[in-house]
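The values are calculated or read from the model by the stated rules, or taken from the named source; none is laboratory data. Since the structure is predicted, the reported quantities are computational estimates derived from the model, not experimental observations. In this analysis, Cβ positions are derived from the backbone assuming ideal geometry, glycine residues included, and neighbour counts consider all displayed protein chains.
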Amino acid sequence: MFDLPTVLDAEDLLDKAFGRAAKATAKGPDRVTKARNLAVARVRIAGEAIDSTLRGIVKGFPSLDRLPPFDRELMDLLVGGEALKKHLGAIDWAADRARLLTRDYRRRIGRAEGPEIGRLRQEAYGRLSSVVDQVASDLKALADARRTLRRLPEIDPDLPTIVVAGSPNVGKSSFVRAVSTGRPKVADYPFTTKQVSLGHVERAGHRFQVLDTPGLLDRPMEKRNRLERQAIAALTHLADAILFLLDPTETCGYPLEDQRRLLEEIRALFPTVPIIVVENKADLGGPTDGHPRISALRGKGVADAFSRVLRHVSSSPRGESPALTSS
């Protein structure tokens, strides 16, 4: 989803900077001048490596304010928008500090004589190392954020999107696997889906996105966890149609009555978005709630259910619900 730069940890960044500096060469009319020029070159190379690497990290992370609404909300949910700004601010400070230190020590070494040349070079290395060590935790946090964000799907906001929603373990991921190129993880326990997952399908020359979402529970918005809020964000910003899966067998672990209340909440939150309700796990038999029945696992009825969804997509006016903060 996000093309982010590699984030080195503090130790690797210093190894990179000082490794480059160690390869420097210099000339001079005499031994002292040559030593001075070599020390200046090494400090310059080390400082510039630190400065440019840190600035590359800051520039490589997207500005939250410029992201599309869904990307912005998802980034805020997964890595924390304010925390991300704080870490990037610290890295920006470190880059500025490295640049100032490099300029200062190049000037001081350029006027030094004898043993002071080596002492100032070592002092410059020590202060540059101190700056990088001060942002070690910020570098680690950004590396963690990068790993998280790179796992997210690349969603095209201009493509018609079907969002598959429902309680945990009702078969959403199995449905997405059955109808699209998406390959979300499928397992027989709740909250298998830890983040939104994307698949594509083409029909009659048209391309659609199918989005698998983490399961939702029947509870107020303020009590929903980060997984559930990802699903709500997808429904809010991306859904041209919603396929809502029910599990009347209740093998998902949630009573049908709870699932019905969740369905009514989704209808209330997104009154302008077409919602197609389907009962999954027909292969298990058991009761029905009066909706079309399918077996996503066996493929029974899946194609017909998905065709019903597609018929509603073109007429759906995607919009945001003002009720997202309510229960």
Being more than 25 Å from residue 79 (Cα to Cα) and of a type in the set (D, E, K, R) is the filter here, so list the residues in the stretch 219-260 that pass it. 240, 247, 250, 257, 258, 260
Single condition residue 165 does not satisfy, out of (1) modelled with pLDDT under 95; (2) small (Gly, Ala, Ser); (3) assigned to a helix (DSSP H, G or I): (3)
Pairs needed: first member in the stretch 65-92, within 19 Å of residue 237 (Cβ to Cβ) and assigned by TED's automatic domain parsing to the domain that holds residue 53; second member anywhere, part of a loop (DSSP other than H, G, I, E, B) and not polar (S, T, N, Q); C-beta distance under 6 Å; at least 6 residues apart or different chains. 68/157; 70/238
Anything in the stretch 65-96 that is among the aliphatic types (A, V, I, L, M) and surrounded by fewer than 16 Cβ atoms within 10 Å (Cβ to Cβ)? List them, or say none. 83
Against the definition (polar (S, T, N, Q) and either touching a Leu at 6+ places or on another chain (Cβ under 9 Å) or touching a residue at least 24 places away in the same chain (Cβ under 8 Å) (or both)), how does residue 53 come out, yes or no? yes
Only one of 112, 124 that is in contact (Cβ under 8 Å) with a residue 60 or more places away in the chain, in the same structural domain as residue 54 (by TED's automatic domain parsing), surrounded by fewer than 21 Cβ atoms within 10 Å (Cβ to Cβ) and in contact with a helix residue (DSSP H, G or I) (Cβ under 6 Å, 6 or more places away or on another chain): 112
Take residue 20 and tell me if it is in a helix (DSSP H, G or I), of a type in the set (Lys, Arg) and closer than 30 Å to residue 199 by Cα. no
Can you find, within the stretch 45-64, the residue that is surrounded by the most Cβ atoms within 10 Å (Cβ to Cβ) among those that are of a type outside the set (Phe, Trp, Tyr) and part of a loop (DSSP other than H, G, I, E, B)? 62
Given the conditions (1) surrounded by fewer than 17 Cβ atoms within 10 Å (Cβ to Cβ); (2) closer than 21 Å to residue 277 by Cβ, report the number of the one that residue 240 does not fulfil. (1)
Kindly evaluate residue 33 against the criterion of being in contact (Cβ under 8 Å) with a residue 12 or more places away in the chain and among the hydroxyl-bearing types (Ser, Thr, Tyr). no
Would the stretch 30-43 turn up any residue that is under 19 Å from the mean Cα position of the chain (by Cα), at pLDDT 95 or above and surrounded by fewer than 17 Cβ atoms within 10 Å (Cβ to Cβ)? no
